[in-house]
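So the structure is just underneath, and the comments pick up after that.
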Amino acid sequence: MRILVTGASGFIGRRLCELLSKDGHELWALSRGNAPVSGCSATVVGDLGKGPPDLGGCAPEAVVHLAGESIAGRWTVARKSRIRESRVAGTRHLAEALAQLPQPPSVAVCASAVGYYGDRGDEELTETSGRGDGFLAEVTEAWEAEQQKLLPRGRVVSLRTGFVLGRGGGGLPGMALPYRFFVGGPVGSGRQWSTWVHRDDVCGLARLALAHAELSGPVNAVGPEPVRGRDFAAAIGKVLHRPAFLPAPAFALRLALGEMARELLLASQRVIPARATAAGYRFAFPQLEAALRDAFA
């Protein structure tokens, strides 16, 4: 297929473009500049933050929509506005661009997030679980609502990703830094559930969603074995051969990072990939330690 990819130069996008190119697809990157993007044969210049781009020269048969402002860092009022607008308004502008095509794509696979579920303690969460509370939950709900408007007569899949592990980027290098100085340990109490996934499995689920005609709506792009925070910390320590017994106090994280710490670092989310499993997807990295070893390789 000819596939238009937004966010092609990002942490997930780079790897996904590499794999989709090997699958034989023709990839076009939507980018603010015209610099070549690895794995993509052409570039459409456009900024979803400013308005709908002209996609007439691309005529995509499918769309992979990964673009969005990073949620890492302290959430100021201005930062929260950028996070929301990059997702909600950006997706709306993409929908307007697709609506101008004589022949719209048949499928769109979009990035979403397990932030939809909010802080849910020990509750086991699947795609049928309701929306939680908080900024991320509200933004994700609005984001997915706009995604469903991308293709009024096509198929849309929203991949709700957890914490993504992989080589050369993502949030793992920052998380691992204290361990390298022998001061690593769990975040807060360590009792909260941590939902993780290897980047190759996010890409694998995106490829499944493109090909699986019966798959639509939300899909939890998470590993099959969520772990508690203390076990996540212990696994990092084991892989890096470092101690993992010095916790980062919750009050200090809230003081330093505010709302972001509460919703992203201290929230408990025990999310299960129910629909991926039902569709027959086989995880490349079903266990945390193996995923970490590959990410740190």
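Key figures for this structure:
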{"read-out": "Tabulated pairs, region 25-37, first over 18 Å from Pro52 (Cβ atoms), second of a type in the set (S, T, N, Q) and surrounded by 22 or more Cβ atoms within 10 Å (Cβ to Cβ), C-beta under 8 angstrom, 6+ apart or interchain", "value": "Val37/Ser31"}
{"read-out": "Close pairs (7 angstrom Cβ cut-off, 6 or more residues apart or separate chains): in a loop (DSSP other than H, G, I, E, B) in region 93-104, surrounded by 13 or more Cβ atoms within 10 Å (Cβ to Cβ) anywhere", "value": "Leu101/Leu55; Leu101/Ala59; Gln103/Ala59; Pro104/Leu98; Pro104/Leu151; Pro104/Gly154"}
{"read-out": "Counted residues, region 201-224 - those being of a type in the set (Asp, Glu) and open to solvent by 50 Å² or more (accessible area, probe 1.4 Å)", "value": "1"}
{"read-out": "Which numbered condition Trp143 fails, given (1) in contact with a helix residue (DSSP H, G or I) (Cβ under 6 Å, 6 or more places away or on another chain); (2) open to solvent by less than 50 Å² (accessible area, probe 1.4 Å); (3) in a loop (DSSP other than H, G, I, E, B)", "value": "(3)"}
{"read-out": "Any pair with Cβ under 9 angstrom, 6 or more apart, that starts in region 143-155 at a residue that is of a type in the set (Gly, Ala, Ser) and ends at one that is assigned to a loop (DSSP other than H, G, I, E, B)", "value": "Gly154/Pro104; Gly154/Pro105; Gly154/Ser106"}
{"read-out": "Subset of region 280-297 [of a type in the set (A, V, I, L, M) and open to solvent by 30 Å² or more (accessible area, probe 1.4 Å)]", "value": "Ala284, Ala290, Ala297"}
{"read-out": "Count - residues of region 258-297 that are part of a helix (DSSP H, G or I) and in contact with a helix residue (DSSP H, G or I) (Cβ under 7 Å, 6 or more places away or on another chain)", "value": "12"}
{"read-out": "Yes/no for Asp133 being free of Cβ contacts under 8 Å to residues at least 40 places away in the same chain and either surrounded by fewer than 20 Cβ atoms within 10 Å (Cβ to Cβ) or assigned to a strand (DSSP E or B) (or both)", "value": "yes"}
{"read-out": "Boolean, Arg230 is open to solvent by 40 Å² or more (accessible area, probe 1.4 Å), in contact (Cβ under 8 Å) with a residue 12 or more places away in the chain, closer than 20 Å to Leu265 by Cβ and not in a loop (DSSP other than H, G, I, E, B)", "value": "yes"}
{"read-out": "Tally, over region 235-257, of residues that are open to solvent by less than 50 Å² (accessible area, probe 1.4 Å) and either out of contact with any strand residue (DSSP E or B) (no Cβ under 6 Å at 6 or more places or on another chain) or in a helix (DSSP H, G or I) (or both)", "value": "11"}
{"read-out": "Members of region 53-83 found to be open to solvent by 70 Å² or more (accessible area, probe 1.4 Å), of a type outside the set (Asp, Glu) and touching a residue at least 12 places away in the same chain (Cβ under 8 Å), listed by number", "value": "Arg74, Arg82"}
{"read-out": "Selection from region 155-175 of residues that are part of a helix (DSSP H, G or I) and out of contact with any helix residue (DSSP H, G or I) (no Cβ under 6 Å at 6 or more places or on another chain)", "value": "Pro173, Gly174, Met175"}
{"read-out": "Close pairs (7 angstrom Cβ cut-off, 6 or more residues apart or separate chains): without any contact (Cβ under 8 Å) to a residue 60 or more places away in the chain in region 277-296, open to solvent by less than 50 Å² (accessible area, probe 1.4 Å) and assigned to a helix (DSSP H, G or I) anywhere", "value": "Glu289/Ala235; Glu289/Val239; Arg293/Val239"}
{"read-out": "Within region 262-297, considering residues that are of a type in the set (A, V, I, L, M) and more than 18 Å from the chain's Cα centre (by Cα), the one modelled with the lowest pLDDT", "value": "Ala297"}
{"read-out": "Qualifying residues in region 26-51 (those that are part of a loop (DSSP other than H, G, I, E, B) and touching a Leu at 6+ places or on another chain (Cβ under 7 Å)) - the one surrounded by the fewest Cβ atoms within 10 Å (Cβ to Cβ)", "value": "Ser41"}
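The values are calculated or read from the model by the stated rules, or taken from the named source; none is laboratory data. Keep in mind the model is a prediction, meaning the values are calculated, not measured. Here the Cβ is made from the backbone with ideal geometry for all residues, glycine too, and neighbour counts use every protein chain on show. Side chains included, ligands, DNA and RNA excluded: accessible areas come from the protein's heavy atoms. Shrake-Rupley method; radii C 1.70, N 1.55, O 1.52, S 1.80 Å.
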